[in-house]
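The values are calculated or read from the model by the stated rules, or taken from the named source; none is laboratory data. Quick caveat: nothing in here was measured; it's all calculated off a predicted structure. Using ideal geometry, Cβ is built from the backbone for each residue, glycine included, and neighbour counts are taken over all protein chains shown. These accessible areas exclude ligands, DNA and RNA; they are computed on the full protein's heavy atoms, side chains included. Shrake-Rupley method; radii C 1.70, N 1.55, O 1.52, S 1.80 Å.
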Amino acid sequence: MSASIEMPVLKDMFDENGLAKDTHGADAQPIYLDYSATTPVDPRVAAKMIPYITEHFGNPASRSHPYGWTAEKAVENAREEVAKLVGADPREIVWTSGATESNNLAIKGAANFYSEKGKHIITITTEHKAVIDAVRELERQGFTATYLDPEPNGLIDLEKFKAAIRPDTVLASVMFVNNEIGVIQDITAIGNICRENNIIFHVDAAQATGKVEIDLEKLPVDLMSFCAHKTYGPKGIGALYVRRKPRIRIEAQMHGGGHERGMRSGTLATHQIVGMGEAFKLAREEMVVENARILKLRNKLLHGLETMEEVYVNGDLEHRVPHNLNISFNYVEGESLIMAVKGIAVSSGSACTSASLEPSYVLRALGRSDELAHSSIRFSIGRFTTEEDIDYTINLMKSKIDKLRELSPLWEMFKDGIDLSKVQWAAH
Amino acid sequence: MAYSDKVLDHYENPRNVGTLDKNDPNVGTGMVGAPACGDVMKLMIKVNDAGIIEDAKFKTYGCGSAIASSSLVTEWLKGKTIDEAYAIKNSAIAEELALPPVKIHCSVLAEDAIKAAVADIKAKQLAKETA
Amino acid sequence: MSHVYFDHNATTALDNSVLEAMLPWLSAQSGNPTSRHTFGRSARDAVEHARAQVAEACGAYSSQVIFTSCGTEANNFAIKGMANHKPASQILTSAIEHPCVTRPALAMQALGFMSRQIAVDADGKVILENLKQQLAAPTSLVSVMLANNETGVIQDIAAIAEMARATGALMHTDAVQGLGKIPLNFADLNVHAMTISSHKIHGPQGAAALILDKRVDIEPLLLGGGQEKGLRSGTENVAAIIGFGAACELAVAKQKNYASHTLALRQQFEQGLTSINNTHNITVFGNKVARLSNTSFFGFDNIEGETLVMALDRKGYAVASGSACSSDSSEPSHVLLSMGIDADTARGAVRVTFGTNNTAEQVASFLAILNNELLRLKQLTAIAA
C-alpha cells in the first residue's frame, strides 16, 4: 500500500486568516458553485471540531470518566444549538449519520409505528431519492403511496394535495426546499392540512437550514430531517426532529446500545456533532445578512445570463431560496455544456444522480422536455462566493454557450425559423 | 467521465465547423440523430465532378465525444472519393479517439452521418443525370 | 492531576498522523464524492484510497468494503440485511454479543424470525456442542463476535463459520475489537460478513465498515442516492473515511508491537493484582483461554465495580465497569452472567484495557492506587455492613 495519497489537485479555498482565497489566477481552481451538493466546512466550525478529535476524544456514552463527560457535554451543547436554529426543544433532536438516515428513520419509523392507523403515504415526485426510496420500500412491505407531481413551477397545488388524502393516509412527506431548483414549499399550509386530517407530517429540511426561517414552535410539522454538510458543517452527521407535543413516536431502525433515547443506537461522532452545532449556530447568527448578500449575487447572475436568448429558469423564482439558480440553455446539449464550463464547479441536476446520464427526474416532473432538462445547470451560491466569481461565471457561460450554439445544428434551425417540434427525426 | 486527449483537442478546437450551401447540386447533406436522444449531427460534403470530396463541414448537438467524432470525420473526408467515404467504419473513429464503451454510439452516429450525406449527394447526382 | 487512559476498548484517541491525513478534509476540501467536477472527483479518489487501506488491513478486497457511520450500523445492516434475504427461520447469536447484534436480531422477530442465543462456557467461549444442537433447526444467520469487548476472549470464528456454512446458514462476525489487536483476515475467518470500526484503532468516530462477500444478497438499511454501490445510501463521511483508512494502515504496521507491548503491561498488571489478592478474593475473567493482549477484566468480592471505577477516576485513572454502550444502566454485565458468574461478582467487575501509549510506570502507580482504594472501600463497606 503506498503511503501517500496523491493529494487532490485542489488548493485550500482559504488562506491562513480563514479568508477565501483569490481563485481567479491563471492556474486557479474551478470556482465552486455547487453549495447544494455540499458546502465547505466553515473554518470557524473546523476550529471548534478539532479539539474534540484530539484531546476530548471520549465516548459520550462512557459515564465513568471525564473523557466521556466532556464529550457528553459538548454533544448536549450542540443539541441545543441545533434546536435553537429551528425553534425546537433539545429533547426533540435525535442525532443521525445524515439526512439520508434521518429521512429513512422518519419515514419507515413513523409508518411502521402507526401502521395500524393506515397504510397510505403521500409524497412528491420531486423529493430527494432518500425519501422516494424509503417510501418505495414501504410499498414493498404492503403500504400504498401517492406520488404527487408539482406544478410546472415546482410548487404543490394544495387542492391536489387535499384530493390525494384518503381515510387510511397515515403519513405525508414533503421537502422544505428542493435540492435541484431551490423552490420553497408552503410547509405551514400543507402541515395544517395534515393536522386537520390526522396525518403525520415529515419534512426533509436538508436544504433549508440557514436559508429559510424554521420555527418548529409554530410550524405544524411532526418530523423534520437535517444535515450538517449543506450548512457549512461536516459530512456524516445529521439530525431528526421528533415532536414531543403532541408526542410523535417512531420505531427505531438501528438497534443496539439504546443511544438517543432508543431512537438511534450507535457511538456518536462527538467532533462531528460539535461541528453541526457550531455550523447551525453560525447559520442562526448570520442568516439574515448572508441571505441578503447571496440574493444580490444570485440576481446578478440571473440578469447576466438572461441577456442570452432561449434561456429558461427552472422552478418558481419568487418562492425560492436565494442560493439557487437552475437554468436551461436551449439547443445546447447537457454533457458538452458541463465539459465547457470546467472553470466552474456546478451540477447538472442532483449530485446523487449525476453518475448517470438520465435527465433530471425533478425537471421532468415539472414537465420540462428531455432536451431542456439535459441542458440545465444548477448554480448554487454560498458563503464564500464573491462578486468576482459571479462576473467570471457570467462571462464564461456567455462565451461557452455562444460557442456551443455555433456548433449546434438545432440552434441553426431555430435561427432559420424552423419549428423543431415538426421535424421528423431519425430516432436511434 | 475521462476523455482522451484527442477528444478534448477536437472538442476544444473543432475543425470545419459550419455549413455549405445546401442548394448547391454538388453538396450532400446528412442529418442524423434526434434532440430527445441527446445527439444531432449535420454533416455536409462538397463533391467535385471527379467524385472527390473537396470540402466538409459539420454542426453537432451532443456530448464532447459526438462533437469530436464529427470533427474528426470532416478531416478524414477531405480528399476522399465518395466510395472511400462510404467505407469509413465507426470502429476506426472510435479507435482513433479512444472512445470508452459508453460513447461508441457517437462514432456510430458519425458513420451514419457520412452515409446519409453520401446518399444525398448520390441522389442529387442521379437527379442531375435523369434531368 | 493528569489522567491516565485505560479504556481503549471503549474508544481510542486519534493518532496524530491520522489527524494529519484528515485535516484537509475537515476544512477546506469540500467535494461531494458523487459530484463529477474536480472537487467531487478528488473526494471520490480519496475515499477509494481509504477503501483500499481498509481492505488491506483485514485481508479483504476493496470491492468487499462497504462504509457505514458506525459499528452499530454495520451490525444492524448485516443482521437485518442478510437475514431478510433468507426464508424466515432462526437467527443465532452468542450470549455475549454487543446489544447492536442482539437487538437487531430480536427486532427481526417482528418479521417472523426467531432469535436464539448460543451459550458460552465459564471462560466465555462459545460452546460448540450447543451451537451444533441449535443448528439442527433451520437457521438463516449465525453471528458470533471475534473478540469480546469486556473479557477480550477470542472465539474460533473459522470453526464456527464452518459449522454454520455446513447447514446453509450465513455467518457474520463482529470483529470491531479484533482489528489492530490481532492479525485479521476476512478470507481465513471464512465468514460471509464482518464488522470493523475506526474509533477503536485510533481513527475517528463516524466511520466503520461491513466487509461483505458480494455473493451474498443483502438488503440495504439506508435507501436513497445509491452510494456504496446501492448498499448504503447517504453522502460519504469523507474526512472520517480517510481517517479510518489511515488508521487501518497504521494499525497493520504496528500490530506486532502493539500485541507485545500491551501483553507486557497486562502481565505486569495481573501479577500485581495477585499480590493484593491477600485481602480480596479476586477473579480475572477469561484468563484461561486466548484473550486480546490489552484486556484485563476482573472482579473482587464485595466491591461494587461502579463505586471503584468512580474512586479510581477521582485519582486520575479512566477505566470501565462494563461496556460503555450499556453503562447507562447499573445492571450486572450480561457477558459475565452468561459465563455463569454470580450477579454480585459481576456487579463488582472492572475492565482495564491498555493501549500503545500506556507505560509500565502508569501500571505500577495504578496498582498502588488500586490497592489503597480497595482498602478504603473495604473499610467503608465493612462499616456499612
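Listed values, structure above:
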{"read-out": "Unit charges on C-beta of K, R, D, E only; dipole of region C:236-311, Debye", "value": "380 debye"}
{"read-out": "Other protein chain Cβ atoms within 10 Å, averaged over every residue that makes up A:227-234", "value": "2"}
{"read-out": "In the A-C interface, the accessible area buried, summed over both sides, Å² (probe 1.4 Å)", "value": "5900 Å²"}
{"read-out": "Shape call, region A:144-223: gyration tensor on alpha carbons, a/c limit 1.5", "value": "oblate"}
{"read-out": "Dipole axis of the protein assembly as shown (+1 Lys, Arg; -1 Asp, Glu on Cβ), positive-most option in A:L410, A:N77, A:H319", "value": "A:N77"}
{"read-out": "Ranked packing of A:133-144, A:328-339, most packed first, by mean Cβ within 10 Å", "value": "A:328-339, A:133-144"}
{"read-out": "Ellipticity estimate at 222 nm from DSSP helix runs (n ≥ 4, -39,500 (n - 2.57)) divided over chain A, nearest 500", "value": "-11500 deg cm²/dmol"}
{"read-out": "Accessible area expressed per residue, chain C, with surrounding protein chains retained (probe 1.4 Å, Å²)", "value": "35 Å²"}
{"read-out": "Threshold 50 Å², region C:58-78 residues less accessible with all protein chains present than alone (1.4 Å probe)", "value": "C:T72"}
{"read-out": "Of A:K129/A:K281; A:K129/C:K181; A:K108/A:K218; A:K160/C:K86; A:K129/A:K218, pairs whose Cα-Cα distance is over 30 Å", "value": "A:K129/C:K181; A:K160/C:K86"}
{"read-out": "Per-selection Rg to Rh, region C:234-282 - Cα, Kirkwood hydrodynamic radius", "value": "1.36"}
{"read-out": "Cα-based reach from B:K78 at 12 Å (exclusive), listing aspartates and glutamates while leaving out same-chain residues under 8 positions away", "value": "B:E54, B:D55"}
{"read-out": "Under the Karplus curve 6.51 cos²θ - 1.76 cosθ + 1.60, θ = phi - 60°, whole-Hz ³J(HN,Hα) for region C:47-64, x wherever Gly or Pro sits", "value": "5, 5, 4, 4, 4, 5, 5, 5, 4, 4, 5, 10, x, 10, 8, 3, 5, 8"}
{"read-out": "Antiparallel DSSP beta bridges within the protein assembly as shown, percent to nearest 5", "value": "60 percent"}
{"read-out": "Test item: Cα-centred dipole of the protein assembly as shown, Lys/Arg +1 and Asp/Glu -1 on Cβ, debye", "value": "1400 debye"}
{"read-out": "Residue among A:I390, A:L366, A:S380 farthest towards the positive dipole end of region A:352-418, charges placed on Cβ", "value": "A:L366"}
{"read-out": "Helix A:43-53 axis, angle to chain A major axis (alpha carbon atoms, nearest 10°)", "value": "40 degrees"}
{"read-out": "GNM result for chain C, Cα springs below 10 Å: residue of C:F39, C:F298, C:F113 fluctuating most strongly", "value": "C:F39"}
{"read-out": "Prolate/oblate/rounded label for the protein assembly as shown (Cα gyration tensor, a/c 1.5)", "value": "prolate"}
{"read-out": "Spherically averaged projected area of region A:107-251 from its Cα convex hull (nm²)", "value": "8.4 nm²"}
{"read-out": "Neighbourhood charge, 13 Å Cβ-Cβ cut-off, centred on C:T139 and excluding it, Lys, Arg +1 and Asp, Glu -1", "value": "+4"}
{"read-out": "Long-range tail of P(r) for chain B (Cα pairs > 19 Å, %)", "value": "43 percent"}
{"read-out": "Shielded residues, region B:60-92 - accessible-area loss of 50 Å² or more between chain alone and all protein chains, probe 1.4 Å", "value": "B:Y61"}
{"read-out": "Shielding by partners - mean other protein chain Cβ count within 10 Å, residues of C:205-212", "value": "4"}
{"read-out": "Within chain C, helix-based [θ] at 222 nm, where runs of 4 or more DSSP H residues each add -39,500 (n - 2.57), nearest 500", "value": "-13000 deg cm²/dmol"}
{"read-out": "In sequence order, calculated HN-Hα J values of region A:100-116 (Karplus, 6.51, -1.76, 1.60; Hz; x Gly/Pro)", "value": "4, 5, 4, 5, 4, 5, 5, 6, 5, x, 6, 4, 5, 5, 9, 4, 6"}
{"read-out": "Rg in Å to one decimal, and Dmax rounded to a whole Å, for chain A via C-alpha atoms", "value": "22.8, 79"}
{"read-out": "Accessible area buried at the B-A interface, both sides summed, 1.4 Å probe (Å², nearest 100)", "value": "2300 Å²"}
{"read-out": "Sequence of A:Y35, A:Y361 when ordered by accessible area, the most exposed leading, probe 1.4 angstrom", "value": "A:Y361, A:Y35"}
{"read-out": "Average beta-carbon neighbours from other chains, 10 Å sphere, peptide C:216-222", "value": "3"}
{"read-out": "Rel. contact order, % - alpha carbon contacts under 8 angstrom, at least six apart, region C:16-251", "value": "27 percent"}
{"read-out": "Global form of chain C, assessed from the alpha-carbon gyration tensor, a/c cut-off 1.5", "value": "oblate"}
{"read-out": "For region A:282-296, Karplus couplings with θ = phi - 60° (6.51, -1.76, 1.60), whole Hz, Gly/Pro x", "value": "4, 4, 5, 6, 10, 4, 5, 5, 5, 5, 5, 5, 5, 4, 4"}
{"read-out": "DSSP beta bridge pairing in region C:16-251, given as percent antiparallel to the nearest 5", "value": "40 percent"}
{"read-out": "Accessible area of B:W76 in the full protein assembly, 1.4 Å probe (Å², nearest 10)", "value": "70 Å²"}
{"read-out": "Portion, in percent, of the accessible area of chain A that falls on carbon or sulfur, probe 1.4 Å", "value": "50 percent"}
{"read-out": "C:D7 long-range amide H proximity, modeled H, under 5 Å", "value": "C:T353"}
{"read-out": "By accessible area with a 1.4 Å probe, ligands and nucleic acids excluded, highest first: order of A:M308, C:M82", "value": "A:M308, C:M82"}
{"read-out": "Members of region A:397-428 that become less accessible by 50 Å² or more once partner protein chains are added (1.4 angstrom probe, chain alone as reference)", "value": "A:K403, A:L407, A:P409, A:L410, A:E412, A:W425, A:H428"}
{"read-out": "Cut-off under 5 Å, modelled amide H: who pairs with C:A95 long-range", "value": "C:I118, C:V120"}
{"read-out": "Chain C - charge dipole about Cα centre, Lys and Arg +1 at Cβ, Asp and Glu -1, debye rounded to 20", "value": "500 debye"}
